[in-house]
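> I have a structure here, written as structure tokens, and I will follow up with some questions on it.
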Amino acid sequence: MAQSKGTYRFSFGPWNIDEGADPFGPPVREPIAFSKKLKEYKTLGFDGVQFHDDDAVPDIDSKSGGEILAEAKNVKEMLSGEGLEAEFVAPRLWFAPETIDGGYTSNDAACRQYAIERSKACIDIANILGTDRIVLWLAREGTYIRESKDARVAVERIRDAINAMLAHDPKVRILIEPKPNEPVDSGVIPTIGHAIGLAYMCNDPSRVGGLIESAHSILAGLDPSDDMGYALAHDKLWSVHLNDQGGLKFDQDKSFGSYNLRRAFNQVRILEAYAYGQKGEYVGLDVKAMRTQKLEVSTKHLANSRQTFLYLLDKVTSLDKDFEERLINERDYEELDRYILCHLMGTQY
Ligand code: XUL
Ligand code: MN
């Protein structure tokens, strides 16, 4: 049954409003305070906030357990004040000196322990913010040269770390966000297939699922909507990071649909077909403002991406399903292709 536009809830993270620095140049926009960013959410049409642990508690490594929890409580109050919800918290395991060689898969036992302790603190923060969802983007769990790590041991170490998180909190759910490369040359968990395989290796597979980011699937040479279908078939599509990407280059986090509208259409189509969102899942948008945007127009990418999703939802729900089915039954895929293109272009079919 078609969902109405109003049934989808959207989220993004504070890092999606940024100062425009890239590896080749410094910031070009003034920073916007976290409290000011929170005020933007509703105006832009968003209800959910995605966090890294240190988005909620800055300088987390220099703070005591008590300080971390007190600061998380303040953030929860700020959220409530704005009528917002925390969607997930993700441990940022790629900044600290302990994570230079990865977190859970570091070759240094003390560094691996750091990663696990920090992940537990992240779960405690999530509890205070009122979400049971922890996202693991396994940034540096991989290699720059293959011989530096044992590919089997690396998987087992990530499994052990997830098991430690599952044991830390009986209600927590882990959402693995796969990515094939960047910052590492080769990630240990490059695709959603790998992530779901890993979920089944854990002590409670029912609490381990996935978050699919469009750009990450494309970087793996895969189609994001097919990846979503795979996760849906396992009941493990628990969040998405919609954006766009122009082929095999750096992770661009372009506005949703900006590069390939048909590919975006197919993502909305499969989410709509399987009632994504009806179990509380958010439509997350991991999009980045272009460096060329001036400060006063540096949040347009968020509102635009959400709007594109809703326009494409119109395209999905207004497809002539009987006609589509007839063409499929007749195996006239050439005509189906034509019909979809005309529908997307809004031209007379
Ligand atoms: C990295 C990425 C991150 C995660 C959150 O490519 O997508 O923003 O989504 O840690
Ligand atoms: Mn992401």
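> For the chain, find the longest principal axis of its Cα atoms and tell me its angle to the long axis of helix 65-82, 0 to 90°, nearest 10.
Taking the Cα atoms of the chain, the angle to 65-82 is about 30 degrees.
> I've got another one for you. Would you mind checking the pairs 254/279; 42/315; 73/120 and listing those with alpha carbons more than 20 angstrom apart?
254/279; 42/315
> Taking region 62-148, which chymotrypsin sites (Phe, Trp or Tyr not before Pro) meet the DSSP loop condition and have no more than 14 other C-beta atoms within 10 Å?
95, 144
> Another question, then. Angle between the Cα long axis of helix 224-233 and the longest principal axis of the chain, 0 to 90 degrees, nearest 10?
In the chain, helix 224-233 runs at an angle near 80 degrees to the longest axis.
> Right, next: Show me the trypsin sites (Lys or Arg not before Pro) within region 245-349 that DSSP assigns to loop and that have at most 16 other Cβ atoms within 10 Å of their Cβ.
249, 279, 291, 294, 331
> Further question: Which angle between 0 and 90 degrees, to the nearest 10, do you get for helix 34-44 versus the longest principal axis of the chain when only C-alpha atoms count?
Compared with the principal axis, the helix lies near 10 degrees.
> Enter the Cα centre distance for the pair region 1-61 and region 98-121, rounded to the nearest angstrom.
Distance between centres, Cα-based: 26 Å.
> Given only helices, namely DSSP H runs of n ≥ 4 each adding -39500 (n - 2.57), what is the per-residue ellipticity at 222 nm of the chain, to the nearest 500 deg cm²/dmol?
My calculation for the chain gives -13500 deg cm²/dmol from helical runs alone.
No value in this document is a laboratory result; all are computed from the given coordinates. Values in this document were obtained by computation on a predicted structure and should not be read as measured data. Ideal geometry is used to build each Cβ from the backbone, glycine not excepted, and the neighbour counts take in all protein chains shown.
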